[in-house]
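The block underneath contains the structure these notes are about, expressed in structure tokens.
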Amino acid sequence: SFASDHGIISDEFRQEIYLDDGDPQGSPIELHFVIHDWNYLLDRNLARVLGDEPRQRIMASSEALTLESSIPERFRWTRAMIDQLDALAGDDQRYEILSRCAHVFPKGQIAKLGVVFEAARSQTGDPWQAVDAVIEFMIADPGWGVRPQRRGATVYAAKNPRDPQAYAQAQTDAERKRAYCFCPLIRDHLAGGMSDTFCYCSAGWERQQWEGAIGRPVRVSVLKSLLTGDDLCEFAIHLPEDL
């Protein structure tokens with residue numbers, strides 16, 4: 001609950017340590033929560049793509065953010081940072097930086113996609129049939145979201161609602177969008193003026209999946225976003241034409 005209240009997400013890894021399982025009064029328990037260090041990833045990728053001087057300008061005052069910082073504080077800093085990034089970097093650079101900051105997709109799931117792709121390509125000799133096999137696997141395996149669609153060398157994907165029950169019961173458009181949004185910084189600040197450049201972070205979720213599946217770089221475009229007034233977040237994954 002602390003992490004949720006402060007807009008902190010994990011890298012999918014947590015553990016409980018029972019310090020004395022022989023204590024009849026109940027053992028004290030340590031809870032270890034592995035934080036997805038978004039600011040560290042941002043800092044590293046800014047330096048890699050833009051160099052150190054722009055990195056320093058964009059990351060100025062980031063040290064003021066701590067584990068105790070509130071969600072509104074994190075949102076305001078991130079909005080100002082994205083505005084600076086928009087002014088200093090081109091679209092391809094912004095994509096390369098922010099898509100590498102995305103929440104970590106489980107490596108075991110990505111490995112499954114690669115196995116499916118290689119097996120189908122070996123059997124058929126057709127890489128596009130192998131892409132379709134990956135899509136069919138995503139449909140059959142729980143947790144992948146809305147069914148992806150392939151048209152030519154592009155795969156179209158969208159997210160399912162974060163909270164399906166709240167989404168179904170929502171009485172207003174604002175309630176529905178809040179239940180749909182996965183980002184703890186954005187869901188309560190959809191009208192807060194954040195540039196949709198920030199959505200390249202979400203594009204990184206799709207990037208991890210498809211680069212892991214085919215073993216080649218992909219480019220992900222943001223087609224629809226809650227930040228631009230749409231009802232959902234939709235992405236186009238552009239696969240290499242010479243796949």
Exercise for the section: Compare 49, 134 by solvent-accessible area with a 1.4 Å probe and give them largest first, with all protein chains kept in place. Expected result: 49, 134
Exercise for the section: Would you kindly find the accessible area of residue 196, with a 1.4 Å probe and non-protein molecules such as ligands, DNA and RNA excluded, rounding to the nearest 10 Å²? Expected result: 80 Å²
Exercise for the section: Order the peptides 100-108, 26-34, 119-127, 163-171 from the highest to the lowest mean number of other Cβ atoms within 10 Å of their residues. Expected result: 100-108, 119-127, 163-171, 26-34
Exercise for the section: Per residue of segment 158-169, in order, report the coupling 6.51 cos²θ - 1.76 cosθ + 1.60 (Karplus, θ = phi - 60°) as ³J(HN,Hα) in whole Hz, putting x for Gly and Pro. Expected result: 9, 8, 7, x, 4, 10, x, 5, 5, 5, 5, 8
Problem - Derived scalar couplings ³J(HN,Hα) [segment 57-63; Karplus, 6.51 cos²θ - 1.76 cosθ + 1.60; whole Hz; x for Gly, Pro] - result: 5, 6, 8, 3, 6, 5, 5
Completion exercise
Zone reached by a paramagnetic label modelled 7 Å from residue 230 Cα along Cα→Cβ, restricted to segment 152-167 with backbone N below 19 Å, covers 152-163
Practice task
Excluding residues on the same chain fewer than 8 positions from residue 107, give the lysines whose Cα lies under 21 Å from its Cα.
Solution key: 159
Completion exercise
With no solvent term and unit scatterers on the alpha-carbon positions of segment 19-163, Debye gives log₁₀ I(q)/I(0) at q = 0.12, 0.14, 0.17, 0.21 Å⁻¹ of -0.79, -0.93, -1.06, -1.22
Completion exercise
Carbon and sulfur atoms account, in whole percent of the 1.4 Å probe accessible area of segment 185-243, for 48 percent
Handout entry: 5 Å-binned pair-distance histogram of segment 122-206 (Cα, whole percent)
Key = 3, 12, 17, 19, 17, 13, 9, 6, 3, 2, 0
Fill in the blank from the handout: Plugging the Cβ-Cβ distance of residue 172 and residue 65 into 1/(1 + (r/R0)^6) at R0 = 30 Å yields, to the nearest 0.05, a FRET efficiency of 0.45
Practice task
Return an integer: the convex hull volume of the alpha-carbon atoms of the chain, in Å³ per residue.
Solution key: 170 Å³
Completion exercise
On each of the three principal axes the extent of the alpha-carbon atoms of segment 175-243, given in whole Å and largest first, is 42, 17, 17
Handout entry: Mean accessible surface per residue for the chain, computed with a 1.4 Å probe while every protein chain stays in place, in Å²
Key = 53 Å²
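The values are calculated or read from the model by the stated rules, or taken from the named source; none is laboratory data. Note that this is a predicted model, so its numbers are computed, not measured. Backbone-built Cβ (ideal geometry, glycine too); neighbour counts: all protein chains shown. Heavy atoms of the whole protein, side chains included, go into the accessibility calculation; ligands, DNA and RNA do not. Shrake-Rupley method; radii C 1.70, N 1.55, O 1.52, S 1.80 Å.
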